[in-house]
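Take a look at the structure set out below.
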Amino acid sequence: VGPKKEVAECKEKFASSADPTVSQMFMLDRVFNPEGKSLTPMRGFKYSSWSPLGCDANGRCLLAALTMDNRLTIHANLNRLQWVQLVDLTELYGERLFEAGYKLCKADAPCGELGDFPEFQRRHSMQAPVRMEWSGICTTQQVKHNNECRDVGSVLLAVLFENGNIAVWQFQLPFLGKESITSCNTIESGISSPSVLSWWEYEHNNRKMSGLIVGSAYGPVKILPINLKAVKGYFTLRQPVVLWQEMDQLPVHSIKCIPLYHPYQKCSCSLVVAARGPYVFWCLLLISKAGLNVHNSHVTGLHSLPIVSMTADKQNGTVYTCSSDGKVRQLIPIFTDVALKFEHQLIKLSEVFGSVRTHGIAVSPCGAYLAVITTEGMANGLHPVNKNYQVQFVTLKTFEEAAAQLLESSVQNLFRQVDLTDLVRWKILKDKHIPQFLQEALDKKIESCGSTYFWRFKLFLLRILYQSMQKAPSEAAWKPSHEDAKILISDSPGMGSTEDDQEEGTSKQASKQSLCDTGKGVDLDDTAEDSLHQPGDTGGREPMEEKLLEIQAQIEAVEMHLTREHMKRVLGEVYLHTWITENTSIPTRGVCDFLMSDDSYDDRTARVLIGHILKKMNKQTFPEHCSLCKEILPFTDRKQAVCSNGHMWLRCFLTYQSCQSLVYRRCLLHDSIARHPTPEDPEWIKRLLQGPCTFCDSPVF
């Protein structure tokens, strides 16, 4: 808000002011006085917001976090389980305001002195964020040096401040840090005491419209137009639209915007729901020939206490609300000729978790789970001494509904539907078989369209089935064993040994004991082969071993099919991007020979493509060489390359090059490994290296 020395002097002046309206307001306002001295420290987070998928360097989400001391930062999960702060927006916005003299535009009157308490308040309120929300990913036009235009993805972050101003940051994707910030524009909302913010995104006749919905602590709700300059295909409102104007002192707590299709009007529409006290305010917006139609009303009789949290399933429009007494309401919108009505039913968490207090709810991306933050409720009329916060998960879909949604999905990406696959996984692990209806439906899908998505889904089911068939170890492997597992070998009859032999034998016995004590915490995939060869009762073991071997053979067959399909894609890229015979660093000849090595594999497309590539290569092979001994690395295995001297290198599953470096990337589920792109790689190889795992759709770190 000003030079450090001047700010410190002003703080001391206001704290010791003889006017109690100044001194008390200064001491109790945590925006001015974050350290607070005798007050509780400002630790923790006030609000957080997830960006859409595909915003960071790995194609995942960014996290905007607002701390209790009003600092807004953006974080990314660049490496596995490692979060990195990319930019501090509070600092950048403060620098912009300082350069502009704390004025939004040049025509504004000059600001007063920092020593005046109203000016001190104004400078703080115009920088203290209340809420921030991400827009959807949009496309912008970028002009290159040769005057060509290329489409560049961008995302917007709207930040609502205490004084009602909204800063709209535009970031180029993938977001890497300060250098990815394209612009920052500030608009005035005209809302006093703003409390909540949400993006309004509406699509009508292939024209996308956007705006910002702002709610006030006094009750009003309105949509503000946002002028997205240079954003392809986006339009906005001509003027603000007031959705609710009554100053009824019911604070707006949460706003959700849900895109829906109106079955009677035969057009897309937008449903805006807002939690106001114990009521839900809804507003239906649709564009007709007459213009923008607005229908609004309130849903009453839901809760006896104010709504503390609200979430929405954007796929079917279902809204969930909760109050602190452990009651969750499910609101299902039903369209009428004119507008809509809500059917609502009560979900009593006390029947599932006992007496609890609820603090927040969220629905998973595909609507499979409802996550609820709870603490202990009253017991015998008494509040608990300590609060233990827990995140509880409630299933909202059955296994059959989840399986049907996965089969008919338009997304065709297992990673983006991980909540649905989790329901399917749980069912197969419990029943130890894949339901017949799911197997038949999946086989039909594979026969009819042959999309690799259904092959990946089949691989997922087979792997879970294989995991469920294994004998579960009796105790967790990560738990230290407190029993003395050592045995004195010299006491055994007929055993004579030196002291070194005893120590060796003791360590072997201890390691054997620890292997036997592995438990449920272990990933069963890692103990797959060990469980096949464990000694024990052989009665009934042979049929189980045969079944496991049969499933293993099916898994290998599906993996090989997915590998061949991706090899065809890689060869297609090689053919399209090489005009003459050149060494592309991709082992093209080896991939061709590998595809044709199996006589049972008869794919006409692959044979024609390989014929064209071999003709273009003109008998040249361009083999890979071992970086240690310079020997040729033959392409005999899709997973690894071994030279004649025994040096082994892992192969990149995206380009099938050998990873001859100390660092490489790994898929999220540890299915496959991939190399890092290098500066000398052409654009099409870099594009291949940006792809997800070919087996599970997971991003690569």
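The values are calculated or read from the model by the stated rules, or taken from the named source; none is laboratory data. Computed from a predicted structure; not experimentally measured. FYI the Cβ positions are ideal-geometry reconstructions off the backbone, even for glycines, and counts take in every protein chain you see. Remember, those area values only see protein heavy atoms, side chains included, never the ligands or the DNA or RNA. Shrake-Rupley method; radii C 1.70, N 1.55, O 1.52, S 1.80 Å.
Tabulated data for the structure shown
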quantity: Packing-based ranking, highest mean first, of 154-162, 668-676 given that Cβ atoms within 10 Å are counted; calculated: 154-162, 668-676
quantity: The chain, accessible surface, carbon-and-sulfur percent (1.4 angstrom probe); calculated: 52
quantity: Protection-proxy order for peptides 87-95, 112-120, each taking the mean of Cβ atoms within 10 Å per residue, highest first; calculated: 87-95, 112-120
quantity: Charged-residue dipole, Cβ positions (Lys, Arg, Asp, Glu), the chain about Cα centre, Debye nearest 20; calculated: 2460
quantity: Sequence-separation-based contact order of the chain, relative, with Cα cut under 8 Å and 6+ spacing, percent; calculated: 5
quantity: Signed unit charges on C-beta, dipole axis of the chain, positive-most listed residue S17, M378, I223; calculated: I223
quantity: Amide proton proximity set for V130, modelled H, under 5 Å, gap of 5+; calculated: L160, F161, E162
quantity: Cα-based equivalent ellipsoid, the chain: semi-axes from gyration tensor eigenvalues, Å; calculated: 52, 35, 30
quantity: Where I332, I191 fall by accessible area, highest first, once all protein chains stay in place (1.4 Å); calculated: I332, I191
quantity: Under 5 Å, built H, 5+ apart or other chain: amide partners of N165; calculated: S189
quantity: Prolate/oblate/rounded label for the range 544-642 (Cα gyration tensor, a/c 1.5); calculated: oblate
quantity: Value of Rg to Rh for the range 213-370 (Rh from inverse mean 1/r over Cα pairs, i.e. Kirkwood); calculated: 0.99
quantity: Over 19 Å (Cα to Cα) - which of K208/K266; K266/K445; K619/K686; K458/K639; K430/K547 fall in this group; calculated: K266/K445; K619/K686; K458/K639
quantity: Accessible surface, 1.4 Å probe, highest first, among residues Y47, Y218; calculated: Y218, Y47
quantity: Kirkwood-based shape ratio for the range 400-469, expressed as Rg/Rh from alpha carbons; calculated: 0.93
quantity: Trypsin sites (Lys or Arg not before Pro) lying in DSSP loop within the range 575-645, provided at most 15 other Cβ fall within 10 Å; calculated: K619, K630, K639
quantity: The range 17-118: equivalent-ellipsoid semi-axes (sqrt of 5 x gyration tensor eigenvalues, Cα, Å); calculated: 34, 21, 9
quantity: Amide proton proximity set for R651, modelled H, under 5 Å, gap of 5+; calculated: Q640, A641, C659
quantity: With DNA, RNA and ligands ignored, accessible area of I632 (1.4 Å probe; Å², nearest 10); calculated: 90
quantity: Top positive-direction residue, dipole computed over the chain with Cβ charges, set M42, L160, N77; calculated: L160
quantity: Given charges at beta-carbon only (K, R positive; D, E negative), |dipole| of the range 347-477 in Debye; calculated: 220
quantity: Over the range 400-469, relative contact order from alpha-carbon pairs under 8 Å, at least 6 apart, %; calculated: 40
quantity: Per-residue SASA entry for S198, accessible area with 1.4 Å probe, Å² rounded to 10; calculated: 10
quantity: Solvent accessible area, Å² - E440, 1.4 Å probe, full protein context; calculated: 100
quantity: Solvent-accessible surface ranking, highest first, for H298, H262, H145 at 1.4 angstrom; calculated: H145, H298, H262
quantity: Inter-part distance where the range 296-345 and the range 644-701 are each reduced to a Cα centre, Å; calculated: 47
